[in-house]
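First up is the structure itself, then whatever we jot down about it.
The values are calculated or read from the model by the stated rules, or taken from the named source; none is laboratory data. Keep in mind that what you see is a predicted model, and the values were worked out from it rather than measured. Glycine also receives a Cβ, built like all others from the backbone with ideal geometry; neighbour counts cover every protein chain displayed. Side chains are part of the model used for accessible areas, which takes the heavy atoms of the whole protein and leaves out ligands, DNA and RNA. Shrake-Rupley method; radii C 1.70, N 1.55, O 1.52, S 1.80 Å.
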Protein chains: 2
Amino acid sequence: MQKYNVLVADDEPEIRDAIEIYLKNENMNVFKASHGLEALDILEKEDIHLIILDVMMPGLDGIQTTFKIRESRNIPILMLSAKSEDTDKILGLTVGADDYLCKPFNPLELTARVKSQLRRYTHLGPYKATEDEIEVRGLVLNKRSKTVFVDQEEVRLTATEYRILELLIEHRGRVFSIEEIYEKVWKEPYFNGENTVAVHVRRIREKIEINPREPKYLKVVWGIGYKIEK
Amino acid sequence: MQKYNVLVADDEPEIRDAIEIYLKNENMNVFKASHGLEALDILEKEDIHLIILDVMMPGLDGIQTTFKIRESRNIPILMLSAKSEDTDKILGLTVGADDYLCKPFNPLELTARVKSQLRRYTHLGPYKATEDEIEVRGLVLNKRSKTVFVDQEEVRLTATEYRILELLIEHRGRVFSIEEIYEKVWKEPYFNGENTVAVHVRRIREKIEINPREPKYLKVVWGIGYKIEK
DNA sequence: CCGATTTCTTACAAATTTCTTACGAAGGGA
DNA sequence: TCCCTTCGTAAGAAATTTGTAAGAAATCGG
């Protein structure tokens with residue numbers, strides 16, 4: 001999994017440190033700034049994926065900083081504000097931010113919102129360009145609808161089966177070892193001796209192959225792993 | 001490319017200015033009004049292609065303004081509302097509007113929706129026009145009047161149910177995870193373990209399906225989420 | 001052809017995910 | 001205020017998926 005870089009700008013060190021702890025716990029890198037100018041500075045030097053800005057800061061405050069950032073970039077911004085401030089006003093002023101939270105905030109909610117913004121940014125954001133539909137000799141996989149067709153006939157795969165097939169078909173031709181498949185699909189370390197992947201491969205074959213004993217699509221490469229024939 | 005004229009009506013100058021920046025960046029002209037009457041005035045004098053209206057405004061508010069505009073014109077209207085306001089109310093009242101957004105909003109999302117509406121209105125552009133009425137095998141959803149019909153028979157959905165169904169039917173075929181549905185409809189972060197979406201799905205099925213146990217429209221994709229069959 | 005290794009196959013129990021129902025709280029309208 | 005509708009939660013039921021284990025079959029090097 002990619003490691004995200006998050007920039008936190010707040011004049012109170014306790015808050016910066018607290019947020020740092022929460023986010024590091026979610027496997028993110030945290031950069032800290034005590035005011036807007038410092039934040040802009042870090043933003044230029046580092047490859048930041050998301051910014052948390054406090055509204056009330058000495059010098060450049062959160063709102064001014066947001067405007068500055070928005071002049072050149074579209075990165076997700078999460079605004080923090082004290083509850084005492086007029087929320088209506090805050091609402092108005094935080095335009096330009098992608099989300100906002102009142103202090104004191106619930107750590108769970110903070111991390112949830114951060115993750116949600118990162119998802120949105122990286123999934124729908126400037127990246128993408130991956131094709132929705134992949135086709136290999138009559139085998140069609142649609143990533144948007146998570147459906148699989150064999151010769152126009154829909155095939156119902158389970159979530160795990162689908163993920164294995166998507167991995168293989170997305171890199172068709174390439175051979176994946178059992179260990180590699182397990183770690184990519186389960187996102188957990190693989191321990192030798194597990195038979196799980198083989199069982200799932202069997203089940204996939206049962207569904208997509210005419211004759212599972214002589215697979216046309218999902219082939220084994222002896223002593224190495226599995227692949228989808230190009 | 002044609003240059004579009006967009007009218008923004010909001011009593012908060014910061015929001016007007018922010019929106020102006022985003023839209024100018026997309027090569028649009030922006031006219032600004034601080035309340036409904038001023039908006040109607042500008043609308044008469046200028047050749048406006050799209051209107052952004054805040055719900056909460058002194059004098060003529062966004063809803064009253066929409067009704068006034070709709071008496072004579074069919075121009076696209078995008079409604080803005082604070083998240084704190086009751087969504088139930090919002091849904092009911094935004095009848096007449098073509099789209100709506102909660103504040104604080106994501107600038108990317110605002111410009112995307114504005115462009116989408118303009119495309120639809122002017123019938124230009126390579127993208128599909130978003131229809132007011134969406135039909136899937138006897139299930140008809142009208143976005144303008146927020147009504148739903150199953151085989152010509154009207155079905156009364158609640159606000160939340162309607163929004164879930166609209167989300168799914170608008171992207172029919174695509175699978176939405178429970179988390180995705182929750183965040184898109186409630187505009188709040190989702191915490192694991194909540195059963196809310198499932199219950200609403202059940203209620204929707206009870207209303208639109210002949211046999212809720214074997215849904216014809218709103219199907220589950222095990223381990224992934226829900227979708228409306230294409 | 002043999003033994004060692006790797007993959008396949010099957011069945012079953014455990015785990016996960018979704019469904020269903022009921023109930024109390026909140027809010028709007030009479 | 002009372003009634004009605006909608007909403008979210010909880011808890012148990014039902015459905016589906018998943019991993020494990022154990023033996024069979026296939027492949028490879030010699």
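What the table shows:
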| read-out | value |
| --- | --- |
| Residue count, segment B:138-193 (criterion: more than 16 Å from DNA strand C (Cβ to nearest atom), of a type in the set (F, W, Y) and under 14 Å from the mean Cα position of the chain (by Cα)) | 1 |
| Filter result for B:N25 (open to solvent by 20 Å² or more (accessible area, probe 1.4 Å) and either at pLDDT 90 or above or under 22 Å from B:L165 (Cα atoms) (or both)) | no |
| Scope segment A:171-190; condition among the basic types (K, R) and away from DNA strand D (no atom under 12 Å from the Cβ); matching residues | A:R172, A:R174, A:K184 |
| Cβ pairs under 8 Å, 6+ apart, first in segment A:198-218 and over 20 Å from A:G173 (Cα atoms), second near DNA strand C (Cβ under 9 Å from one of its atoms) | A:E206/A:P212 |
| Test result for B:R156, touching a residue at least 40 places away in the same chain (Cβ under 8 Å) and surrounded by fewer than 20 Cβ atoms within 10 Å (Cβ to Cβ) | yes |
| Within segment B:165-187, tally of residues that are more than 14 Å from chain A (Cβ to nearest Cβ) and under 19 Å from B:E109 (Cα atoms) | 2 |
| Residues (within 7 Å of DNA strand C (Cβ to nearest atom) and open to solvent by less than 30 Å² (accessible area, probe 1.4 Å)) located in segment A:199-211 | A:V201 |
| Spans of strands (runs of 3 or more DSSP E) in segment B:125-221 with at least 2 residues under 17 Å from B:T94 (Cβ atoms) | B:139-142, B:147-150 |
| Count of segment B:191-212 residues which are at pLDDT below 90 and within 11 Å of DNA strand D (Cβ to nearest atom) | 2 |
| B:G225, sole failed condition from (1) open to solvent by less than 20 Å² (accessible area, probe 1.4 Å); (2) within 11 Å of chain A (Cβ to nearest Cβ); (3) under 26 Å from A:T160 (Cβ atoms); (4) out of contact with any strand residue (DSSP E or B) (no Cβ under 6 Å at 6 or more places or on another chain) | (4) |
| Which numbered condition A:V220 fails, given (1) open to solvent by 80 Å² or more (accessible area, probe 1.4 Å); (2) within 9 Å of DNA strand C (Cβ to nearest atom) | (1) |
| Of all residues in segment A:142-153 being free of Cβ contacts under 8 Å to residues at least 24 places away in the same chain and buried (at least 16 other Cβ atoms within 10 Å of the Cβ), the one that is farthest from the other protein chains (Cβ to nearest Cβ) | A:F149 |
